[in-house]
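Novice: Let me begin by handing over the structure; questions about it come next.
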Amino acid sequence: MTVQVFGHKSPDTDSTGSPIVWAWYLNEIKGISAAPKLLGEPNTEAAFVLERWNLDKPEIISGVDAGTPVVIVDTNNPAELPANINDADIQAIIDHHKLVGGLETKGPIDITVRPLACTATIMVDLMGDDAAKMPEAIKGAALSCILSDTLEFRSPTTTDHDRAVAEKLAAELGIDIPFYASELFEAKSDVSAFSDAELLRMDSKEYTVDGKEFRVSVLETTAPKLVLDRKDSLMASMVDVAAEDGADQVLLFVVDILNEEATLLVPNDLVKTVAEKSFGATVTGDTVVLPGIMSRKKQIIPNLKV
């Protein structure tokens, strides 16, 4: 049976590129039939990466059949995976997030969870000398994942090792990192074609904080004004999105990549309290700027309080 390789729902560049990278490795190096999959439509940056490196968009799936062999990458959170994920034959997990719990396997498996900024960095490490055999498109996918997840090394999740791997890949590809990263972020910033509800779900994850269910959405952009100009309609849409998704509240952080800060939309007293208790912010209107806040994983989620 072909091994299905996939990341989390609402796939970003890492959850789009890393399945492609690892499926290549399984197929070409390990001799194991594997296919990358997506659990949703890739975001605009990920779609740019697929086109830039002439990579086929993986098939989008909504679930997995019982007994299907799978490798899970860029998450270990059941809430971000198909509802029936524990019916699958999970063979490996490669991730860089905290352990959540709830996944069940048929037997012992390979699990690699490392404190690095990007899943693709871990994959290059796991390949060892075989990483040199990656064709240009696969190297391009891996480089894109690292630059995206580190926000071109601006994110506090960035390690020296992520930077070293990215710089090595870029040198092998003849890629100028600042120029290519600007292309990535320009693609990520083009959200004009998306509805408010799509924007709120595009890069979002579900978390429970002190009994409250939050959908924590992050939009990373070099043009925050394009998003903030829509703040009134976005805040109105939060009510419907929360209701449809079984959440108490949507939290939307608009991350300004270049100025290294986030703007949180504040539609009500609950979010005002979250901003004040979590980030020590003083809220006087329907938005609040949070200097230095760039990472949901390292700076937002660990600090959330109600």
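Just so it is clear, none of the values below were taken in a lab; they were calculated from the coordinates. None of these values were measured; they are calculated from a predicted model. Cβ coordinates were reconstructed from backbone atoms using ideal geometry, including for glycine residues, and neighbour counts include every protein chain displayed.
Novice: Can you tell me which of 138-151, 17-30 comes out highest on packing, and rank the rest after it, using the mean Cβ neighbours within 10 Å? Provide the component values of the computation, followed by the final result.
Specialist: Values: 138-151: 26.9, 17-30: 23.5.
Listed from highest to lowest mean packing, they are 138-151, 17-30.
Novice: Using only Cα atoms, locate the centre of the stretch 216-262 and the centre of the stretch 29-98, then give the distance between them in Å, rounded to an integer.
Specialist: Each part reduced to its Cα centre gives a spacing of 25 Å.
Novice: Expressed in nm to one decimal, what extension gain is obtained for the pair residue 303 and residue 269 from 0.36 nm per residue of sequence separation less their Cα-Cα distance? The partial results should precede the final answer.
Specialist: Working: separation 34, 0.36 × 34 = 12.24 nm, distance 1.80 nm.
Stretched out fully, the residue 303 to residue 269 stretch lengthens by 10.4 nm.
Novice: So how do 262-270, 278-286 stack up, highest first, on mean other-Cβ count within 10 Å?
Specialist: Details: 262-270: 19.3, 278-286: 13.9.
In decreasing order of mean packing, 262-270, 278-286 become 262-270, 278-286.
Novice: Name the most mobile residue of 182, 217, 192, meaning the one with the largest mean-square fluctuation, in a Gaussian network model of the chain with Cα contacts below 10 Å.
Specialist: Looking only at 182, 217, 192, the biggest GNM fluctuation is shown by 192.
Novice: Also, quick follow-up: Which residue fluctuates most in the GNM of the chain (Cα springs below 10 Å): 197, 243, 120?
Specialist: The residue that fluctuates most here is 243.
Novice: If you don't mind, there's one more thing I want to ask. Explain nothing, just the number: dipole magnitude of the chain about its Cα centre with +1 on each Lys and Arg Cβ and -1 on each Asp and Glu Cβ, in debye rounded to the nearest 20. List each step's numbers first, then the result.
Specialist: Numbers: 27 positive and 49 negative charges, 110 e Å.
Charge dipole of the chain: 540 debye, to the nearest 20.
Novice: Under 5 Å between amide H atoms, partner at least 5 residues away or on a different chain: which partners does residue 209 have, H built in plane at 1.01 Å?
Specialist: Excluding prolines and chain starts, which carry no amide H, the hits are 214.
Novice: Sorted by average packing, counted as other Cβ atoms within 10 angstrom per residue and highest first, what order do 105-116, 287-298, 34-45 take? Write out the running numbers ahead of the final one.
Specialist: On the way: 105-116: 13.0, 287-298: 18.2, 34-45: 20.5.
Put in order of decreasing packing, that is 34-45, 287-298, 105-116.
Novice: Let me ask something else. Using a Gaussian network model of the chain whose springs link C-alpha atoms within less than 10 Å, name the residue from 237, 204, 155 with the highest mean-square fluctuation.
Specialist: Comparing 237, 204, 155 in the GNM, the peak value goes to 237.
Novice: Further question: May I ask you to list the GluC sites (Glu not before Pro) in the stretch 175-280 that are in a DSSP loop and have at most 15 other Cβ atoms within 10 Å of their Cβ?
Specialist: Filter output for the stretch 175-280: 260.
Novice: May I ask which residue of 170, 113, 195 lies farthest towards the positive end of the charge dipole of the stretch 102-205, with charges of +1 (Lys, Arg) and -1 (Asp, Glu) on Cβ and the Cα centre as origin?
Specialist: In the stretch 102-205, that residue is 113.
Novice: For residue 112 and residue 28, what is the calculated FRET efficiency with R₀ set at 25 Å and r taken between the beta-carbons, to the nearest 0.05? Please list the in-between numbers first.
Specialist: Values: r = 20 Å, r/R0 = 0.78.
Efficiency computed from Cβ-Cβ geometry: 0.80.
Novice: May I ask you to compute the full-extension gain from residue 183 to residue 260, defined as 0.36 nm times their residue separation minus their alpha-carbon distance, rounded to one decimal in nm?
Specialist: Working: separation 77, 0.36 × 77 = 27.72 nm, distance 1.78 nm.
The span from residue 183 to residue 260 would gain 25.9 nm if fully extended.
Novice: Calculate, in nm to one decimal, what residue 84 and residue 233 gain on full extension: separation in residues at 0.36 nm each, minus their alpha carbon distance.
Specialist: Working: separation 149, 0.36 × 149 = 53.64 nm, distance 3.45 nm.
Taking residue 84 through residue 233 to full extension adds about 50.2 nm, to one decimal.
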